[in-house]
Amino acid sequence: MKKANGFIGKNDLYIAGLILLLSLLSFIPALANWEAAGGRVFVAAQETELFSVRLAQLKQGNVFTQSFASAAGPITFEFDPEKGVRVIGASCPDKICMHMSYINKPRQMIVCIPGKIYAAIEAPGTEGELDAISR
């Protein structure tokens, strides 16, 4: 067998290429569209759900905004089928929630602490499931 560069044989390159291909294929689920989880986006304030939409329904629609009353005044969320959900208007003094990027994966959330309101993405089967325990 002829060596490619003196140390690595032709079959070694095939095996390395196969390993690289398999490792790249493992990233495909992470790159899938955000509605593929089959979950929902919801907005809640102090344990009370104010709004909910299934990700599949959101994906079929157009960009829309929805405003909610919060403890710090009105807050407006933008629901974009391609990008996700974000805050585009808030009455709180610091407006930190407006500087957060879109959420588009299960278990992501945007929280407005002064307004005591949040938006989150929930995937089926993860309701009430712990993601970490601290002691």
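The conditions of being among the aromatic types (Phe, Trp, Tyr), modelled with pLDDT of 85 or more and surrounded by fewer than 17 Cβ atoms within 10 Å (Cβ to Cβ) are not met by PHE68.
Residues checked against (1) among the hydrophobic types (A, V, I, L, M, F, W, C); (2) more than 24 Å from GLY39 (Cβ to Cβ):
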| site | (1), (2) |
| --- | --- |
| SER67 | no, no |
| ILE75 | yes, no |
| GLU78 | no, no |
| LYS83 | no, no |
| ARG86 | no, no |
| CYS92 | yes, yes |
| VAL111 | yes, no |
| ILE121 | yes, no |
| ALA132 | yes, no |
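Going through segment 104-115 one residue at a time, which ones are closer than 12 Å to GLY84 by Cα, touching a residue at least 24 places away in the same chain (Cβ under 8 Å) and either small (Gly, Ala, Ser) or in a strand (DSSP E or B) (or both)? Result: ILE110, single match. Pairing each residue of segment 66-80 that is on the phi > 0 side of the Ramachandran plot with any residue that is at pLDDT 85 or above and assigned to a strand (DSSP E or B), provided the two are 6+ apart or on different chains, yields C-beta distances under 9 Å for GLY73/ALA90.
The values are calculated or read from the model by the stated rules, or taken from the named source; none is laboratory data. Quick caveat, the model's predicted, so the values are computed rather than measured. Note that each Cβ is placed from the backbone with ideal geometry, even for glycine, and that neighbours are counted across all protein chains shown.
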